[in-house]
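Quick notes on the structure that follows.
The values are calculated or read from the model by the stated rules, or taken from the named source; none is laboratory data. Every value quoted in this text rests on a predicted model; they were computed, and no experiment measured them. Heads up, the Cβs are rebuilt from the backbone with ideal geometry, glycines too, and the neighbour counts pull from every protein chain shown. These area figures cover heavy atoms from the full protein model, side chains too; ligands, DNA and RNA do not enter into them. Shrake-Rupley method; radii C 1.70, N 1.55, O 1.52, S 1.80 Å.
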Amino acid sequence: MSASKAAASSSTAPTDDYELPWVEKYRPKLIKDVVGNEETVSRLQVIAKEGNMPNIIISGSPGIGKTTSILCLANELLGPLQKEAVLELNASDDRGIDVVRNKIKMFAQKKVTLPSNRHKLIILDEADSMTAGAQQALRRTMEIYSSTTRFALACNLSSKIIEPIQSRCAILRYVPLTNKQILKRLLEVCEAEGVKYSPEGLEAIIFSSEGDMRQAINNIQATWAGFGFVNAENVFKVCDQPHPVVVTEIIQACSKGNVDAALDRMRGLWVQGYSALDVITTLFRVTKGFEDIPEFIKLEFIKEIGMTHMKILEGCQSLVQLSGLIVRLCKMTMDPSLFVI
């Protein structure tokens with residue numbers, strides 16, 4: 001190969017992970033680096049240290065570290081043997097009964113030389129999307145090859161895993177991350193990438209993520225790539241959600257019984273193109289953290305918003321539906337004497 005061709009090939013070859021999405025670039029490699037769910041993560045650290053891992057099910061909402069925890073555990077248990085001793089299947093793969101009978105069973109039968117107290121590991125991501133037949137076939141495989149193979153299942157709802165598999169596994173439940181935990185990680189990413197931001201911008205990222213670390217990091221990368229500065233306005237442009245300040249003004253107007261002002265702001269959001277589902281979701285989240293009204297009024301607001309949310313999900317997605325909600329909320333805080341004819 002000539003020098004020019006060698007130079008060309010070396011220039012096109014990837015030299016680092018600069019082009020990776022930040023979600024992958026900053027994915028933890030060790031269990032101790034996993035953010036949140038400290039008690040559950042500490043149990044995984046004990047397993048990684050002592051070996052002899054049980055079959056486990058990790059359940060929880062998306063983006064809170066379930067798959068990452070399992071991959072970190074596999075890394076610490078098996079190290080360089082991962083290529084030979086780990087099989088990972090995702091919901092994007094065909095996950096019917098044939099996969100269990102062929103791919104999973106063939107891997108479980110494969111002989112791999114491992115240190116003592118170490119086992120082959122089969123990772124089933126989004127396990128709750130497996131068919132009932134596949135799960136029934138899986139439970140027998142888990143029993144037959146229990147001496148050499150362990151299973152780690154990640155799912156959003158453990159109730160969708162059949163009872164026989166649940167009884168064969170240790171179930172770990174993950175909860176959404178707190179704002180402080182997400183903020184700490186975002187600050188680390190911003191420092192590493194040289195991201196310019198305002199405090200309000202990070203607050204907007206945290207608000208839009210709802211405890212989902214993956215969404216938070218994706219949103220901050222998208223905002224930084226699109227605008228070059230992370231502030232609240234840019235974040236909500238990227239996330240395409242109603243601005244919480246406007247929604248807060250709606251709640252404030254409702255708390256004072258000011259129907260006209262609340263309806264004007266609601267129509268403004270509708271004219272901007274936000275769907276009824278976008279509006280009602282943000283309305284619920286803002287009301288939940290709104291502190292300028294008594295607790296019992298807040299609970300009544302949340303109840304009414306929930307009922308309207310149900311109607312919207314059933315198909316009644318119109319401005320009339322949202323306007324009716326505003327009127328009902330205002331009625332709760334109005335002076336009853338105003339209704340006397």
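Worth pointing out:
- Hits in the stretch 130-144 - residues which are outside any helix (DSSP H, G or I) and either in contact with a Phe, Trp or Tyr (Cβ under 9 Å, 6 or more places away or on another chain) or open to solvent by less than 20 Å² (accessible area, probe 1.4 Å) (or both): 130
- Sole exception among (1) over 28 Å from residue 153 (Cα atoms); (2) open to solvent by 10 Å² or more (accessible area, probe 1.4 Å); (3) touching a strand residue (DSSP E or B) at 6+ places or on another chain (Cβ under 8 Å) for residue 188, by number: (3)
- Test: residue in the stretch 93-111 that is over 27 Å from residue 159 (Cβ atoms), at pLDDT below 85, out of contact with any Asp or Glu (no Cβ under 6 Å at 6 or more places or on another chain) and open to solvent by 50 Å² or more (accessible area, probe 1.4 Å): yes
- The stretch 145-161, residues that are open to solvent by 30 Å² or more (accessible area, probe 1.4 Å) and either hydrophobic (A, V, I, L, M, F, W, C) or within 18 Å of residue 45 (Cα to Cα) (or both): 150, 157
- Contact map, the stretch 249-265: residues that are open to solvent by 10 Å² or more (accessible area, probe 1.4 Å) paired with residues that are polar (S, T, N, Q) and part of a helix (DSSP H, G or I), Cβ distance under 8 Å, separation 6+ or inter-chain. Pairs shown: 255/333; 256/333; 257/333; 263/323.
- Residues (open to solvent by less than 30 Å² (accessible area, probe 1.4 Å) and of a type outside the set (Ser, Thr, Tyr)) located in the stretch 214-227: 216, 217, 219, 220
- Residues (buried (at least 21 other Cβ atoms within 10 Å of the Cβ) and out of contact with any Gly (no Cβ under 9 Å at 6 or more places or on another chain)) located in the stretch 29-52: 31, 44
- Meets criteria (in contact with a helix residue (DSSP H, G or I) (Cβ under 7 Å, 6 or more places away or on another chain) and either outside any strand (DSSP E or B) or open to solvent by 70 Å² or more (accessible area, probe 1.4 Å) (or both)) for residue 164: yes
- Cβ separations smaller than 7 Å between residues 6+ apart or across chains give the following pairs from the stretch 77-89 residues that are closer than 19 Å to residue 45 by Cα to residues that are of a type in the set (Lys, Arg): 77/118; 78/118.
- Conditions (1) open to solvent by 20 Å² or more (accessible area, probe 1.4 Å); (2) modelled with pLDDT under 90; (3) closer than 26 Å to residue 179 by Cβ; (4) not β-branched (Val, Ile, Thr); number of the one not met by residue 290: (1)
- The conditions of being touching a Cys at 6+ places or on another chain (Cβ under 6 Å) and open to solvent by less than 70 Å² (accessible area, probe 1.4 Å) are met by residue 127.
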